[in-house]
Amino acid sequence: MPESRQFLLILCIFLASIGSYFLISRFLIMAVEIKGVSMNPTLIDGDRYLLYRCTYFWRTPRKGEIVVIKDPQDHGLSIKRIVALPEDTVEIRRDGVYVNQYKLSEPYLSPSAVKASGETPVSPTKLGKNSYFVLGDNRSKSFDSRYYGAVQRHEILGYISK
């Protein structure tokens with residue numbers, strides 16, 4: 001009899017551990033590893049960061065935040081920076097990114113990335129109610145909203161704090 005109780009206790013602890021892991025990684029926080037160069041030099045390939053998933057339960061994503069999204073093309077995870085918010089008008093010209101007709105200050109970009117922003121112009125685009133425009137910091141090596149358009153709020157999983 002005591003052996004069966006001990007087995008049940010171990011089984012309960014095991015199931016509670018699995019459940020806790022699932023809940024924490026699905027809704028609170030999880031570790032992510034940077035793969036690729038789309039966010040260089042801000043985030044380096046191979047580095048690990050924490051993805052904060054719970055924050056967006058009580059507030060909306062903010063401009064400038066580095067977020068993990070479900071990539072609209074391959075449905076994998078991708079890391080990008082939010083440059084325009086819902087109902088903003090975004091445009092990419094030869095000399096940079098414009099949001100609501102004001103040039104976006106991007107001190108986190110290298111000079112070559114600033115120049116590369118204008119290599120793929122985007123005509124003025126008004127974002128929808130739940131749409132966000134995301135770009136990689138390494139503009140010449142990033143597949144982002146310039147190619148697949150704005151991402152929807154439900155595709156943003158959380159943000160990375162550097």
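Things worth noting here:
- Segment residue 21-residue 102, length gained on full extension (0.36 nm per residue, minus Cα span): 24.8 nm
- Normalising the average separation of contacting C-alpha pairs (under 8 angstrom, six or more residues apart) by the number of residues puts the relative contact order of the chain at 25 percent.
- With Cα atoms, 0 to 90° folded angle of helix 2-23 axis to the chain main axis: 10 degrees
- Taking all protein chains as they are arranged and a probe of 1.4 Å, the heavy atoms of residue 30 leave approximately 50 Å² accessible to solvent.
- Surface accessible to a 1.4 Å probe, per residue, for the residues of the range 1-144, Å²: 62 Å²
- Accessible surface ranking that places the most exposed of 125, 60, 42 first, with a 1.4 angstrom probe: 60, 125, 42
- Where labels lie 7 Å past Cα in the beta-carbon direction, separation of residue 126 and residue 147 in nm: 2.9 nm
- The aspartates and glutamates whose alpha-carbon is closer than 18 Å to the alpha-carbon of residue 162, local same-chain residues fewer than 8 away aside, are 33, 45, 47, 65, 106, 137.
- Judged by the mean number of other Cβ atoms found within 10 Å, the most tightly packed of the peptides 77-88, 48-59 leads the ranking 77-88, 48-59.
- The range 7-47-the range 59-125 distance, computed between alpha-carbon centres (Å): 27 Å
- Scanning residues 5 or more positions from residue 77 or on other chains, those with amide H under 5 Å from its amide H are 71, with H placed 1.01 Å from N in the peptide plane.
The values are calculated or read from the model by the stated rules, or taken from the named source; none is laboratory data. Computed from a prediction, not measured in an experiment: that's the story for all the values here. When we count neighbours, we look across all protein chains shown, and the Cβ atoms used for this are built from the backbone with ideal geometry, even at glycine. Heads up: the accessible areas ignore ligands, DNA and RNA and are worked out on the full protein's heavy atoms, side chains in. Shrake-Rupley method; radii C 1.70, N 1.55, O 1.52, S 1.80 Å.
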